[in-house]
Amino acid sequence: MSASPHAVLAALADGPVPGSTLAADLDLTPAVVQDHLEAIDRAGFTIQETSEGYDITTVPEYGDLALAYDLPAPFTIEYHETIGSTNDRARSLASDGHRNVVVAADAQTSGRGRRDREWASPPGGIWMSIVLDPALPPNHRPVLTLAAAVATVRAIEETGVRVGVKWPNDVLVRDTEEKLAGILTEAAPADDGDAWVVIGIGINANVDRPHLPPGATSLHATVGEVHRRDIVHRLLRELDALRHDPTHVLEAWRAISLTLDRNVRIDTPTTRIEGRALDVELPGSLVVATEEGRVRVDAGDCEHLRPV
Ligand code: BT5
């Protein structure tokens with residue numbers, strides 16, 4: 001049995017447990033149980049000693065133990081105060097065979113967006129990457145990006161901020177269209193038989209505007225301090241439910257879209273497409289009505305055009 005504070009916390013997740021039961025169940029000495037309880041206390045949890053035993057009464061808003069504690073989805077957490085890029089770490093875990101792991105950080109020093117664009121990742125954010133074992137055929141995997149967008153929107157809306165998605169991956173505040181979160185999906189190379197997908201999600205949570213690029217905003221700037229653990233847990237719970245259900249993902253994505261029925265300009269590496277966004281289709285392509293007819297776009301940078 002793992003002799004870590006994690007094991008003690010897991011044992012306390014369902015309510016108060018006497019110290020002697022913790023020691024017996026986890027095969028630890030009372031002194032080691034005490035050390036772990038002190039480590040849990042130092043991590044910011046409040047532990048009360050009741051007549052029924054030790055009881056967790058408050059949980060810190062972020063951090064290693066906080067994210068792992070009572071996680072409502074089948075993932076393990078690897079937490080870093082600071083890391084280069086959680087996507088890089090997740091890719092390396094994925095190619096070593098790990099699956100269903102979430103790499104989360106408070107700050108990143110080399111956060112990146114699509115096409116290696118810089119992603120500002122100051123302390124206070126939610127910077128996380130999830131290693132998934134895609135149960136979907138390779139050509140359907142882009143739907144996982146849409147699933148991540150739906151899960152991100154649902155989790156953010158718990159804070160009271162109304163957000164929507166600009167195709168394919170930008171989470172924007174509905175009223176202002178400022179960018180609050182972004183998603184970077186990366187997959188195993190085609191010749192890698194051990195399929196994996198890494199979904200990187202960056203949410204500007206307890207971050208101030210001066211640390212963000214123009215056009216970006218944060219939850220802190222919109223509603224004040226937020227509880228990042230609640231957001232991460234909700235997001236992972238939603239993603240876990242959506243990942244096996246591509247058809248439902250499309251419906252859910254349409255409902256949160258800011259792009260459908262808008263005039264858009266999409267730049268792909270090879271071409272520019274302008275027209276009206278009609279629909280999204282599996283595996284995540286945008287259908288655009290252009291002057292030359294209907295076009296399906298699989299990837300690109302989308303701009304919403306103001307009506308003339
Ligand atoms: C994205 O790229 O929106 C995907 C961002 C994914 C970041 C996460 S954080 C955890 C994981 N680890 C990583 O290293 N990355 C992922 P894209 O659509 O290419 O948008 C990038 C553009 O957004 C930049 O060129 C800036 O204009 C803008 N930007 C940069 N930092 C931002 C921020 N923190 N908030 C809002 N916009 C930002």
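Computed from the coordinates by the stated procedures, all read-outs in this text should not be read as laboratory data. Quantities reported herein were computed from a predicted structural model and do not represent experimental measurements. Cβ sites come from the backbone with ideal geometry, for glycine too, and all protein chains shown count toward neighbours.
Set against the 2.2 N^0.38 Å expectation for a compact globular protein, the range 1-63 has a Cα radius of gyration ratio of 1.00. In this label model, THR21 and GLU49 are separated by 1.7 nm, measuring between points 7 Å along each Cα→Cβ vector. Dividing the radius of gyration of the alpha carbons in the range 231-308 by their Kirkwood radius gives 1.05 for Rg/Rh. For the range 1-120, dividing the convex hull volume of the Cα atoms by the residue count gives 120 Å³ per residue. In degrees from 0 to 90, rounded to the nearest 10, what is the angle of the helix 246-256 Cα long axis to the longest principal axis of the chain? Once rounded, the angle reads 80 degrees.
The value for the range 81-231 of Rg(Cα) / (2.2 N^0.38 Å) is 1.01. Over all Cα atoms in the range 168-271, the spread is summed up by Rg and Dmax: 16.2, 46 Å. Computed from the C-beta positions of HIS244 and ASN100 and an R0 of 22 Å, the FRET efficiency is 0.95 to the nearest 0.05. Here, the chain is characterised by an Rg to Rh ratio of 1.03, where Rg is the alpha-carbon radius of gyration and Rh the Kirkwood radius. The distance between label points at VAL32 and ARG254 comes to 5.6 nm (points 7 Å beyond Cα on the Cα→Cβ vector). Placing a label point 7 Å from the Cα of ASP230 along the Cα-to-Cβ direction, the residues of the range 140-177 whose backbone N falls under 15 Å from that point are 154-162.
With a Förster radius of 30 Å applied to the beta-carbon distance between ASP279 and ASP133, the computed FRET efficiency rounds to 0.55.
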